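Beneath this line is the structure, given in structure tokens, with notes to follow.
Rule-based calculations on the coordinates, nothing more; no lab input. Note that the structure is predicted; figures quoted are calculated from it, not measured. Reconstructed Cβ throughout: ideal geometry from the backbone, glycine too, with neighbour counts over all protein chains shown.
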Amino acid sequence: MINQYPVLRQRIAVEWTNIQKAAQKALAAYAEQSQYSLDAVGLNLQGFYNGLERLFESIARQIDGSIPEGGSWHRDLLKQMALDVPGVRPSVISQETAVALEDYLGFRHIVRNLYTWDLDPTKVSQLVDRLPKIISMLDADLEKFGHFLEAAARADEE
């Protein structure tokens, strides 16, 4: 058995649980509609994408053997995860998921570089409204990738 694959699958599972918690906290904060809920939603949406990026970095490092560099490395990493790399791995996420995540990547950049009182409530609302569908898409994509990892771990047993 190739040990790195079950370890990576477990790391993905743990990180995915944390990502889902951030998403649920964003949804809950949005539902509150309190004075500070927009701040909380923004920070949790940032945490949601940060978790995904950590997960993608682990896969890029351990399976692909490379993480993009340069000024657009965040966007390039997202695109890399949607690539089917023959002889290495299938896509981690679908093209549809990658396109949907671009807005969360962009929003994360805004949260990191602006004050929370500058957040656009309409944009936050759009991201929150789409979040349950995105979670569902990611869940299916990561489950499929997990099956690949399981098969790859057993490849040397055949």
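As a ratio to 2.2 N^0.38 Å, the alpha-carbon radius of gyration computed for the chain takes the value 1.10. Full extension of the chain between V14 and A28 yields a length gain of 2.9 nm, computed as 0.36 nm times the residue separation minus the alpha carbon distance.
Mean residue ellipticity, 222 nm, helices only, the chain: the sum of -39500 (n - 2.57) across DSSP H runs of n ≥ 4, divided by residue count and rounded to 500, is -25000 deg cm²/dmol. Computed from Cα positions, the angle between helix 4-32 and the longest principal axis of the chain comes to roughly 10 degrees.
What the Cα convex hull of region 54-130 gives, in volume per residue, is 92 Å³.
Think of region 4-157 as a dipole: +1 on every Lys or Arg Cβ, -1 on every Asp or Glu Cβ, centred on the Cα centre; then among A60, I19, S136, I19 lies furthest on the positive end.
Return the inverse of the average 1/r over all pairs of distinct C-alpha atoms in region 12-80, which is the Kirkwood hydrodynamic radius, in Å to one decimal. Let's see the in-between values first.
Working: mean 1/r = 0.0763 Å⁻¹.
Result for region 12-80, one decimal place: 13.1 Å.
Each of K133 and L114 was given a label point 7 Å from its Cα along the Cα-to-Cβ line. The distance between the two points is 2.3 nm. Volume per residue for region 86-158 equals 107 cubic angstrom (convex hull of Cα atoms). Each Cα pair under 8 Å and six or more residues apart adds its separation to the average, and for the chain the resulting relative contact order is 32 percent.
Treating cross-link reach as a plain straight distance, find the aspartates and glutamates whose alpha-carbon is under 14 Å from the alpha-carbon of K25, omitting any fewer than eight places away in the same chain. Hits, sequence-local ones excluded: D39, D129. Between Y36 and L105, the FRET efficiency from the beta-carbon distance, with R0 = 22 Å, is close to 0.35.
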